Amino acid sequence: MTESNIIRDIQEIHRDEENCLVFRKNVSIPLRNSSLPVRCNVYLPLSTEDGNKFPVLVTYGPYGKDIPYDKFFSGSFNEVNPEHRSKYSAWETPDPVYWTARGYIILRADERGLGQSPGFLDTMSRGTSECFFDVVEWAAEQKWSTGKVGLLGISYYAGSQWRVAARRPKGLAAIIPWEGMSDYYRDRCRHGGILSNKFISFWWNRQVLVNQYGLPGRSKLTFPADGPGARGQEDTIEGDLSADALSKNRHDQTEDNVVNRFRDDAYYASKEFNLEDIEVPLLSVANWGGINLHLRGNVEGYTWAGSKFKYLRFITGRHDLPFYYHNEVDIQKSFLDAFLKDEDNYGWSIPGKVPPVTITLRKGNVGFNNPAAESAFKTRTELAWPLPDTRYTKYFLTPEKELTVAGQKEIRDVKLTYNALGSIDNFQGFNFQTDPFTEETEITGHIVAHLNVSMTPEVLDDTEIEKDIDIFLTLRYIDPSGKEVLFTGTAGDGVPLTKGWLRCSMRKVNEEHPRHRGYLPHREYLSTDVDKVKPGDIYAVDVEVWPTNVVVEIGGKLILEVTSGDTQGCGVFQHNSEVDRPKGKFAGQNHIHFGRQMENYIVLPIIN
């Protein structure tokens, strides 16, 4: 194909009177730094034909603007609130029929290098975010636009919002990143420095790579029905590219995340940005069940964004459905109306009117993947995050595998030993358990664990192979009847309260950094931070555990798992790469040490 073929106008215009909208397909958006366009679909209220203008809601992402939701993942589509199901619906994005009927324009763009947008495929990078910047400014300048643009979408369509908002495009007036990580390295790719490889592989191969611009046979691809996938895509309008051209036209996440280990590697550095640069009104929606991907990013994104008007909302449920719940859409619409239409009937734009934090309180064992049952969870507003009345309380681990505020019964030097390189099918570690709680206790906020660890390699030799320890932590809640309470995870699976991770060689903490907090140690994860692990040496480490919420009932218990690999609740987010966790480096035994100078504890945020 030639460049002239790529830049020609291929726009189609369809007037849909049944749904009261005009559908413009494959509209080409010019870019500042490329002769190649980004292509989008635009859905406009019919009255734009009479010169009426409306604010624009933009999504920019990799999953195919032309793939119908019911083809991408029919099982999910069939469960979506019927108000948001139409022939124009697409995975994780606002439905055009619903929003155009309420006075908005929907613009859905194929990210550069994907779908019908030519160019270099490099998801979540600075380069593709700059293209998103151009898309936003273009949308604000069109004759059918009021000049105000909002961003609304789930997961990837939320994560990309942080990046473009930090670049401050003209016309951007509000963003709602709904369950979207804000830190590519810490939230998504390398938990505590450990590669989260299984999800990256699943995501890349089923949802992104198969949608690359120019991929032959794209429209004929099929996948098992057990999850999302780029089914139903249209072939590239300009024709196919060769395998060599396709390879040269992309960065492959399954390869790049393996060979790049540190935040100062060029690969990770190219995806950095400053949350503090975000100034637009912000509603960050975090899901308590997103303990392996998005939860941390929504909380930290809210915390550090420089916006005058910013709000944090905690929800429960699967990642795909609550976005379309009637009450949640009402919240979305009222927020967008306030800043895109100057119609504020709720008080979002009045300083101090709306409490900045809304929490869903998880109390009782209602089961998981059951929206009706979860609707029983109550909500509460708060004036700050972390909650102002938090009492950070140490629960000590003991050699008897207790978890207690009293600490060790006697001070003695002892260690607990478990095998390294555990996995989801091979539990290696220990459970530390509290006594039954004697009064109802709310736990809401950030968690950190302090452990004293060492390792003994499988083979004692004089080779120069580096050694290391991977620490996996899981916090579980056992109800008064003795059953573990599992909550709804990202994909509808049952998950525990929360998880945390740390690679011991990446234990260095920068206490001078503005983002360092006692309840959340700040690590840079730079190549210069590596502190080697020597067999037999004991290391005191602080492990970040992602934030959580639970109301522990009278008679309920908590369990802290300390293991050497993934355990129940990780789902598709496993850390099982043999390249990242080679036997020569990790195999052997790990130890937790107890003694006079070696307290082990987890700090829990108790709400008074």
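The values are calculated or read from the model by the stated rules, or taken from the named source; none is laboratory data. What you see is a predicted model; the values in this text were computed from it and never measured. Reconstructed Cβ throughout: ideal geometry from the backbone, glycine too, with neighbour counts over all protein chains shown.
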- [ ] Return the residue satisfying two criteria in turn: it lies in the stretch 415-457 and is touching a helix residue (DSSP H, G or I) at 6+ places or on another chain (Cβ under 7 Å) and more than 21 Å from L604 (Cα to Cα), and of such residues it is surrounded by the most Cβ atoms within 10 Å (Cβ to Cβ).
- [x] A420
Open item on the list: If a residue must be in contact with a helix residue (DSSP H, G or I) (Cβ under 6 Å, 6 or more places away or on another chain), hydrophobic (A, V, I, L, M, F, W, C) and part of a loop (DSSP other than H, G, I, E, B), how many such residues does the stretch 167-216 contain?
Closed with: 1
Task: Selection count where residues are over 9 Å from the mean Cα position of the chain (by Cα) and part of a loop (DSSP other than H, G, I, E, B), scope the stretch 277-290 - done: 6
- [ ] Tell me, please, whether a residue that is buried (at least 17 other Cβ atoms within 10 Å of the Cβ), under 15 Å from F132 (Cβ atoms) and touching a residue at least 12 places away in the same chain (Cβ under 8 Å) can be found in the stretch 49-57.
- [x] yes
TODO: Looking only at the stretch 574-582, decide whether some residue is surrounded by 23 or more Cβ atoms within 10 Å (Cβ to Cβ) and either more than 24 Å from L361 (Cα to Cα) or of a type in the set (A, V, I, L, M, F, W, C) (or both).
DONE: yes
Task: Residues located in the stretch 262-302, provided they are within 20 Å of F573 (Cα to Cα) and either surrounded by fewer than 19 Cβ atoms within 10 Å (Cβ to Cβ) or among the hydrophobic types (A, V, I, L, M, F, W, C) (or both) - done: F262, A286, W288, I291, L293, L295, V299
TODO: Give just the number: which of (1) closer than 21 Å to G489 by Cα; (2) surrounded by fewer than 17 Cβ atoms within 10 Å (Cβ to Cβ); (3) charged (D, E, K, R) does E328 not satisfy?
DONE: (2)
- [ ] Could you check how many residues of the stretch 217-231 are part of a helix (DSSP H, G or I) and either modelled with pLDDT under 90 or over 16 Å from D110 (Cβ atoms) (or both)?
- [x] 1
Open item on the list: Looking at the stretch 399-417 only, could you name the residues that are of a type in the set (A, V, I, L, M, F, W, C) and touching a residue at least 24 places away in the same chain (Cβ under 8 Å)?
Closed with: L403, I411, V414, L416
Open item on the list: Tell me the residue from P62, P82, P96 that is assigned by TED's automatic domain parsing to the domain that holds E328, surrounded by fewer than 24 Cβ atoms within 10 Å (Cβ to Cβ) and either free of Cβ contacts under 8 Å to residues at least 40 places away in the same chain or not aromatic (F, W, Y) (or both), please.
Closed with: P82
TODO: Name the residue, out of V509, V545, V550, that is surrounded by 14 or more Cβ atoms within 10 Å (Cβ to Cβ), among the aliphatic types (A, V, I, L, M) and closer than 14 Å to H191 by Cα.
DONE: V545
TODO: Have a look at E255, E238 and point out the one that is touching a residue at least 12 places away in the same chain (Cβ under 8 Å) and of a type in the set (D, E, K, R).
DONE: E238
Open item on the list: On the basis of being buried (at least 18 other Cβ atoms within 10 Å of the Cβ), touching a Ser or Thr at 6+ places or on another chain (Cβ under 6 Å) and closer than 28 Å to I602 by Cβ, does E374 make the cut?
Closed with: yes
